[in-house]
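Reading through the structure tokens given below for one structure.
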């Protein structure tokens, strides 16, 4: 892991591709250009979910993770497009190659975004803003896509900055501006602050970073747990997290939401077989074996549970993954229950345990 010397102020760029999946579809299919499209599940049957959508669709209020049926209500002329993940991965690799012209300190967060540490850049350009401009230009000219960039002295601020002038934006938060920037930031923009936490903060009359800054570290921990320590530092512009080019993969999984509720065990097992194929392929791609299998179940009333089993040895083969998942399903007594989603995740990629320490964990 690269750690910048304490005397050197980091130069961090966060690059976020604009409406990535949808933009690739519009680039590759001229009939979609300038139109409202959503990449994701069809609204037919139970209806799928929007993975991402074009900016033409966003004008109507369509958003990622929105149920497809709701998206169609907001935008009746919305065109639904099935995802092509192989194509998106190929484009993502091309984007990564552009990044690597400037630095090897690249931390991908997903197919469409990454952190870059350009404190010392390969081409000795020196200016993080100039590097971000060159990267954006290369993406536009070579891939016919656009990206937005945030530039600052740490990961947190750079990530927020990249979202400020989308699409095709570039926002620089200078070192002298970081603390005032954080003071004016709405609490819902803070990392790890979801709707529930944001509502709790606002009920305490904490609306911005400046409000959070009035509380001591102990008070923040008292009210918000361990995250309070992070809030205390970041509102003062302190984020020492390094860009990690070889960040360890913690888990590999896949899940599927069904068009109609599953009520028969045979149907559930058939779907688990399909999901296990995806998981096994991903484990093979990353050359990983996991010792903990986790089954995720979401019922028709949106109640969600997980069950997991830890094994003595790591696995990545399809038959074992599917068999363990089915065993975990049986333990939930699925008869006569309506299931709308199933998922399988493999984790715990560390050293193997001796048989006598193998654990079964159900919760």
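The values are calculated or read from the model by the stated rules, or taken from the named source; none is laboratory data. The shown structure was predicted, so the numbers you read here are calculated from the model rather than taken from an experiment. Every residue, glycine among them, receives a Cβ derived from its backbone with ideal geometry; neighbour counts consider all protein chains shown.
Please find, within segment 273-317, the residue that is nearest to residue 337 (Cα to Cα) out of those that are touching a residue at least 60 places away in the same chain (Cβ under 8 Å) and outside any strand (DSSP E or B).
275
Residues are listed down the side, and each one gets a yes or a no for (1) outside any helix (DSSP H, G or I); (2) in the same structural domain as residue 301 (by TED's automatic domain parsing); (3) surrounded by 20 or more Cβ atoms within 10 Å (Cβ to Cβ):
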| residue | (1), (2), (3) |
| --- | --- |
| 34 | yes, no, no |
| 45 | yes, no, no |
| 95 | no, no, yes |
| 98 | no, no, no |
| 102 | yes, no, yes |
| 109 | yes, no, no |
| 116 | yes, no, yes |
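For segment 122-144, name all the residues that are out of contact with any strand residue (DSSP E or B) (no Cβ under 6 Å at 6 or more places or on another chain) and surrounded by 21 or more Cβ atoms within 10 Å (Cβ to Cβ). It would help to see each step written out before you state the result.
Of the residues in segment 122-144, the ones out of contact with any strand residue (DSSP E or B) (no Cβ under 6 Å at 6 or more places or on another chain) are 122-127, 130-131, 133-135, 137-138, 140-144.
Correct list: 131, 135.
Is it the case, given these coordinates, that residue 161 is in contact with a helix residue (DSSP H, G or I) (Cβ under 8 Å, 6 or more places away or on another chain), surrounded by 23 or more Cβ atoms within 10 Å (Cβ to Cβ) and either assigned to a loop (DSSP other than H, G, I, E, B) or at negative phi (or both)? Walk me through it before giving the result.
Values: in contact with a helix residue (DSSP H, G or I) (Cβ under 8 Å, 6 or more places away or on another chain): no; surrounded by 23 or more Cβ atoms within 10 Å (Cβ to Cβ): yes; either assigned to a loop (DSSP other than H, G, I, E, B) or at negative phi (or both): yes.
No, not satisfied.
Okay, residues lined up against (1) closer than 19 Å to residue 326 by Cβ; (2) modelled with pLDDT under 90; (3) within 20 Å of the chain's Cα centre (by Cα); (4) crowded, with 17+ Cβ neighbours inside 10 Å:
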{"position": "243", "(1), (2), (3), (4)": "no, no, yes, yes"}
{"position": "248", "(1), (2), (3), (4)": "no, yes, yes, no"}
{"position": "260", "(1), (2), (3), (4)": "no, yes, no, no"}
{"position": "277", "(1), (2), (3), (4)": "yes, yes, no, no"}
{"position": "280", "(1), (2), (3), (4)": "yes, yes, no, yes"}
{"position": "283", "(1), (2), (3), (4)": "yes, yes, yes, yes"}
{"position": "296", "(1), (2), (3), (4)": "yes, no, yes, yes"}
{"position": "302", "(1), (2), (3), (4)": "no, yes, no, no"}
{"position": "308", "(1), (2), (3), (4)": "yes, no, no, yes"}
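Residue by residue through segment 240-271, note down the ones that are touching a helix residue (DSSP H, G or I) at 6+ places or on another chain (Cβ under 8 Å) and under 24 Å from residue 69 (Cβ atoms).
254, 255, 256, 258, 262, 268
Quick check: is even one residue across segment 234-252 closer than 30 Å to residue 57 by Cα and in contact with a strand residue (DSSP E or B) (Cβ under 8 Å, 6 or more places away or on another chain)? Before the answer, list the steps.
Step one: list which residues in segment 234-252 are closer than 30 Å to residue 57 by Cα, which gives none.
Looking through segment 234-252, none of the residues is closer than 30 Å to residue 57 by Cα and in contact with a strand residue (DSSP E or B) (Cβ under 8 Å, 6 or more places away or on another chain).
State all residues of segment 72-91 that are outside any loop (DSSP other than H, G, I, E, B) and in contact (Cβ under 8 Å) with a residue 40 or more places away in the chain; if no residue qualifies, say none. Quick ask: steps written out before the conclusion?
Here is the first cut: in segment 72-91, the residues outside any loop (DSSP other than H, G, I, E, B) are 72-74, 79-81, 85-91.
Hits for segment 72-91 are 79, 80, 81, 87, 88, 91.
On the given criteria, is residue 192 modelled with pLDDT under 90, surrounded by fewer than 12 Cβ atoms within 10 Å (Cβ to Cβ), farther than 24 Å from residue 13 by Cα and not assigned by TED's automatic domain parsing to the domain that holds residue 154?
Details: modelled with pLDDT under 90: yes; surrounded by fewer than 12 Cβ atoms within 10 Å (Cβ to Cβ): yes; farther than 24 Å from residue 13 by Cα: no; not assigned by TED's automatic domain parsing to the domain that holds residue 154: yes.
Here the answer is no, as residue 192 does not meet what is asked.
Of the residues that make up segment 47-61, is at least one modelled with pLDDT under 95, over 18 Å from the mean Cα position of the chain (by Cα) and outside the structural domain of residue 126 (by TED's automatic domain parsing)?
yes
Kindly indicate the residue of segment 218-272 that is assigned to a helix (DSSP H, G or I) and touching a residue at least 60 places away in the same chain (Cβ under 8 Å) and also nearest to residue 335 (Cα to Cα) among those meeting that condition.
Within segment 218-272, the first condition is being assigned to a helix (DSSP H, G or I), and the residues that meet it are 218-224, 227-234, 265-272.
Narrowing further to those that are touching a residue at least 60 places away in the same chain (Cβ under 8 Å): 234, 265, 268-269, 271-272.
Values: 234: 49, 265: 7, 268: 10, 269: 12, 271: 15, 272: 16 Å.
It comes out as 265.
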